[in-house]
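To start, the structure under review is shown below, and the notes come after it.
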Amino acid sequence: MRFIVVASLGKRLWQWMPLLTSLFVSPCTPASSVSKQFTVAAVIDSGCVFGNSATTSTTSLGTLNFGERAVLDSNIDVTSTSGGGSIVVTCTPGLAISIAMDYGVNGGNSSSRYMVGSNSSDTIAYQLYQDAGRSVVWGTGSLAYGVSSFPSGTQSYPVYGRLFSSTNQPAAGTYTDTVTVTLTY
């Protein structure tokens, strides 16, 4: 009788097999498919920004500081730093640019710029240069700094300053001028 039960059980399993396999394996019939494409595009404009990022332009180039002095008996030379007067620029590579500096708000020219005292109307003369030898004035027009093909990456252009000696000592106080830098591309 055992043989009959096994045969009977085997027959039952065989009957249930399609249902059992459908629980573990879902039948997949291939679906139809279609394909299409889309275009991905970006436009890189020619341009420049002050600062070291194309998305974060700086609003101020900082302060070129000649420090504290009791007398102006000799010329005082300083060199700008990043955030302290240097011109930091990021441009499209290959772009021709010009960096011009006006002569300040206190009546300067290509010979001298002037700082005015906060406590008096006294002025002290200074100048800004493109080179460490302080022989090429940084100004406007032909005195602007030119780059015929901007290199890749951010560039920093130092400003070389000279505070001129004076036989007429100015009154004590803080002396300032504001110079506007114009980047043309």
Subject >> Euclidean distance between Cα centres, the range 120-185 to the range 68-99, Å >> reply: 7
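When the expected Rg is taken as 2.2 N^0.38 Å, what fraction or multiple of it is the alpha-carbon Rg of the range 48-184? Mind showing how you got there, number by number?
Numbers: Rg = 15.7 Å, N = 137, 2.2 N^0.38 = 14.3 Å.
Compactness ratio reported: 1.10.
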**OP:** Taking H placed 1.01 Å from N in the peptide plane, check which residues at least 5 places from ASN106 or on another chain put their amide H under 5 Å from its amide H.
**Re:** TYR114, THR178
Original post:
With each label point set 7 Å from Cα along the Cα-Cβ vector, what nm distance links VAL34 and TYR185?
Top reply: 4.5
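Values quoted throughout were computed directly from the atomic coordinates according to the rules given, and no laboratory measurement underlies them. Source: prediction; values computed, not measured. Virtual Cβ from ideal backbone geometry, glycine too; neighbours counted across all protein chains shown.
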